[in-house]
Amino acid sequence: MNCYLLGCIFTRILTQHNVNKGFRVTYPYFSIQILLCQDANLKNHMKSIVITGPESSGKSTLAKALSAHYGIPLIEEYARRYIQTISRPYEEGDLVHIGQQQWLLQQKALRTNPMIVCDTGLVVLYIWSMEKYGRISSWLKQQLIDDTTSLYVLSKPDILWEPDPLRENPFDRDQLFLQYRTFLQQHHCPFIVVEGPEQKKRLAQTIHGIARISFN
């Protein structure tokens, strides 16, 4: 982990807290929930900020905004790209392929960058596979167990549903959100919950949450 770059990022956060009156005014209204694994020294080991959560909960918008804010690479969702290229309904084996390719994209980026932002990650595939097939692959399970360098940003689906041919669950987003939260808690994954219909406030919640983690 490049601690110098991490320090620069969080110095930038604190500076913005001091000079940006908009952030200072809105912070008292935030309901930021930060949950950390008790033995996680996250501020010294964090390499990935992973945006996760149900469909149509603002993940891609937030991921792009964080990438731009910190000036670090964005790893886009491979599943969307892949499913658009196949001329058949996806199958269980496709989820394993998607997970492996998503992981490879992240690892490739980390070889030349000390920190990245991921638009979704393997937790999405875990929930997806369990919901659709009632099981997950041993590869996916092991990768999630081995991941000790990710901070998860769990996006609450309290924004309007946006129809999309690749989206499947418009009516059970709240129930899926609880599944995500339960998974992260049970597996002792450090995570922040962000909520609210305004993307600007969600971005500020995330930045403030990361700063609190890093300097507490």
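Taken together, the values in this text are just the output of simple stated rules run on the coordinates, not laboratory data. A quick note: this is a predicted structure, and the numbers were derived from the prediction, not measured. Here the Cβ is made from the backbone with ideal geometry for all residues, glycine too, and neighbour counts use every protein chain on show.
Averaged over residues, the count of other Cβ atoms within 10 Å places the peptides 155-162, 124-131 in the sequence 124-131, 155-162, highest first.
The phi torsions of the range 138-145, fed into the Karplus equation with coefficients 6.51, -1.76 and 1.60 and a -60° offset, translate into couplings of 5, 4, 5, 4, 5, 4, 5, 5 Hz, rounded to whole numbers, with Gly and Pro shown as x.
Over the range 71-216, the reciprocal of the mean inverse Cα-Cα separation, the Kirkwood hydrodynamic radius, stands at 16.6 Å.
Amide H contacts under 5 Å for residue 50: 118, 151, 152, 153, restricted to partners 5 or more places along the chain or on a different chain, H placed in the peptide plane at 1.01 Å from N. Pairs of lysine residues in the range 113-216 that meet both criteria, 8 or more places apart or on different chains and Cα atoms under 26 Å apart, total 5.
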